[in-house]
Amino acid sequence: MIDLPEHTRLLGEVSRTLRELSTEAGRIGEGEIAKPVREIAPLSLRVHELAAQCTRQVHDLSVSHYPMTEGGAESLAHLAGACAQISLAATLCNLAIHHRIEIYLYEDADPTPATSADQLRRAADEMQRAATTYRAAAQQLSRRLASFTTHPEFLHRSSTHVNAKSPAPAAQRRT
């Protein structure tokens, strides 16, 4: 059985961490980025590590009873999307390093940090969107857990009871 209170705590932590990383990306992007590997790589590594942690959490939630709870599958889909945003942010950080280092390789490369700063701005935007998703998921799960204390039958619904309501085919859901 999955520890939903612990996952709620983790969701909240991810949101705060993403906001901190987004702020850091903005701070770095506003600078000259004179030493791109030294300045951006630590941020990139932290974002990559967070993406891996979040992917692990989505996996853990997906193989638990969480998707069968009310709103769980939809929440899980949103979290998977947020994981993709975090991964994209990490990639954008790596691109920021790459674009800044190009000045050492190519005569016609942009000598300003403008392209790298744009990549970092985009990374910060992706992290902010993911943070919003994580905060909403944490709030939703927290409310759900609060309702479990007053209605414990929701916490222990059997999968056969949940599966009794068969989902509409994908084509019908889109219309």
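Bear in mind these aren't lab numbers, they're just calculated from the coordinates by the rules spelled out. Only a predicted model underlies this, so the values are computations on that prediction, with no experimental measurement involved. When we count neighbours, we look across all protein chains shown, and the Cβ atoms used for this are built from the backbone with ideal geometry, even at glycine.
Set against the 2.2 N^0.38 Å expectation for a compact globular protein, region 1-47 has a Cα radius of gyration ratio of 1.56. Other residues within the sphere of radius under 15 Å centred on the Cβ of residue 96, judged by their own Cβ, net out at -2 (K and R +1, D and E -1). Treating r as the C-beta distance of residue 142 and residue 46 and R0 as 30 Å, the FRET efficiency rounds to 0.70. Contact order, relative form, for region 1-156: 38 percent (alpha carbon pairs under 8 Å, 6 or more residues apart, mean separation divided by residue count).
Taking only the C-alpha atoms of region 1-159, the Rg (one decimal) and the largest Cα-Cα distance, Dmax (whole number), read 18.9, 68 Å.
Summing +1 for each Lys or Arg and -1 for each Asp or Glu among the other residues whose beta-carbon sits under 12 angstrom from that of residue 111 gives -4. The value obtained for region 51-139, namely the Cα convex hull volume divided by the number of residues, is 80 Å³ per residue. Out of all Cα-Cα pairs in region 1-86, roughly what percent, to the nearest whole number, are more than 19 Å apart? The share of Cα pairs beyond 19 Å in region 1-86 comes to 45 percent.
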